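So the structure is just underneath, and the comments pick up after that.
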């Protein structure tokens, strides 16, 4: 390598310092923003140790998080596996916030720091800022302030009411996090910055609602007051309601204001992660495609050496590897591999289309501007719709995909989709459903409350594809619901087509808990 080429390099060797990080960031930004047209939040890069990365793992990657015993359990598990060499650590963790925070490991080489800055600080950052789900459901401007408020609030509750009492509420709330989200748009986007200020106002409003709702319930030794009409009662309770944490926070008659606020904190965090559950393939595919383009461009411009580029390619190949079904390391479809493969395939369709591509994708085939198409895809799709729209016959053949049906009523497996036009459409429709939370998450809703009787809470699980709840798990979680509600809870597993009841679970509250 000539002296001029040496001078053009943004780093030499594996070692780095903070000056190196600044040069790397500037070089990556010039390509990401100037050439790829990425639109990102301001970046905040933080260097952390392996132990701090383990701690971030334990607290689901969130800074300023409140304390809970489950985080310590996860930390001990991950630390033991890491020390024994049974697992590695992520090179980075990125937070959907404004500014976007990227944690990078101090043990990374200079090449890996370049890779993770391209991947996280620009790839993930662009996706967070522009995808419609994150715009609709998350408040990047307010999340850090809200986490600070939440941590302080939980700490104050522990000091006033005791660690055990707070832990019981958190345990119950965490058990229902997947049923603590609004799946459909509300009247307004969450404004997390205002949560602390609105806390007292919310409590006053809730007390008025509870008075209106519960004043009609008969009590011992008093004459029964006129009952609410069914329509009025269901309107006050917002029934049916699929966000169980929201319902309990608003309507559980025995909870104290501090307990309601903790339920609210947990469901706000659950809502924050809801878009990430729906965009794993797209988010990782976007970040992986961006880092591949950026690192390749840095090498073409002579800003990283051949050795550094080979080091990058080794890491990149490991991340995007898709083991075969009979490989000991097979664990399903690798979201990095599928996302990156589909992004590259869209680039191919835009720049080098075949006749088949023109038939299947007439709007983008041969358009020539792959980045414009990809930016539009990253902004307007989630995993389920992305796969159902853009999984091409070419990629299906390349990955050798086919569709097997394992029907419990049949003694043999059935191949339902092969490599023909009908099979391609059926296969991508079937694969897309694997990424649809409407199919993967149980549909459980609060249906009614027996105010005139024993005040039991009635929930329905609308059973899809004859997939019942695991009996023991359902009973444990239902017990948590009963403890929060304060009265008996009934969960009926119902056939949505006929209304037939397959199974019924009942839980009664433990009076000593709340």
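Table for the structure above
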item	result
Among residues of the stretch 385-432, those that are in a helix (DSSP H, G or I), in contact with a helix residue (DSSP H, G or I) (Cβ under 9 Å, 6 or more places away or on another chain), in contact (Cβ under 8 Å) with a residue 24 or more places away in the chain and crowded, with 16+ Cβ neighbours inside 10 Å, counted	14
Hits in the stretch 228-249 (condition: at pLDDT below 90 and not in a loop (DSSP other than H, G, I, E, B))	230, 231, 232, 233, 234, 235, 236, 237
Residue check for residue 396: at pLDDT 90 or above and more than 30 Å from residue 124 (Cα to Cα)	no
Within the stretch 304-325, considering residues that are touching a helix residue (DSSP H, G or I) at 6+ places or on another chain (Cβ under 6 Å) and assigned to a loop (DSSP other than H, G, I, E, B), the one surrounded by the fewest Cβ atoms within 10 Å (Cβ to Cβ)	322
Filter pass, residue 486 being over 25 Å from the mean Cα position of the chain (by Cα) and surrounded by fewer than 16 Cβ atoms within 10 Å (Cβ to Cβ)	no
All positions within the stretch 358-379 that are surrounded by 14 or more Cβ atoms within 10 Å (Cβ to Cβ) and assigned to a helix (DSSP H, G or I)	360, 370, 371, 373, 374, 375, 377, 378, 379
Criterion violated by residue 374 - all others in (1) in contact (Cβ under 8 Å) with a residue 40 or more places away in the chain; (2) assigned by TED's automatic domain parsing to the domain that holds residue 32 satisfied	(2)
Number of the condition not met by residue 353 [criteria: (1) surrounded by fewer than 18 Cβ atoms within 10 Å (Cβ to Cβ); (2) over 19 Å from residue 434 (Cα atoms); (3) at pLDDT 95 or above]	(1)
Any hit, the stretch 192-199, residues being assigned to a loop (DSSP other than H, G, I, E, B), closer than 28 Å to residue 438 by Cα and modelled with pLDDT under 90	no
Residues of the stretch 253-267 satisfying the condition of being at pLDDT 90 or above and either touching a helix residue (DSSP H, G or I) at 6+ places or on another chain (Cβ under 8 Å) or surrounded by 20 or more Cβ atoms within 10 Å (Cβ to Cβ) (or both)	255, 257, 258, 259, 260, 261, 262, 263, 264, 265, 266, 267
Out of 154, 116, sole residue that is in the same structural domain as residue 32 (by TED's automatic domain parsing), in a helix (DSSP H, G or I) and modelled with pLDDT under 95	116
Residue under evaluation residue 300, criteria (1) assigned by TED's automatic domain parsing to the domain that holds residue 116; (2) in contact with a helix residue (DSSP H, G or I) (Cβ under 9 Å, 6 or more places away or on another chain), criterion not met	(2)
The stretch 433-463, residues that are closer than 18 Å to residue 178 by Cα, in a loop (DSSP other than H, G, I, E, B) and out of contact with any strand residue (DSSP E or B) (no Cβ under 7 Å at 6 or more places or on another chain)	434, 435, 436, 441
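The values are calculated or read from the model by the stated rules, or taken from the named source; none is laboratory data. Keep in mind that what you see is a predicted model, and the values were worked out from it rather than measured. Virtual Cβ from ideal backbone geometry, glycine too; neighbours counted across all protein chains shown.
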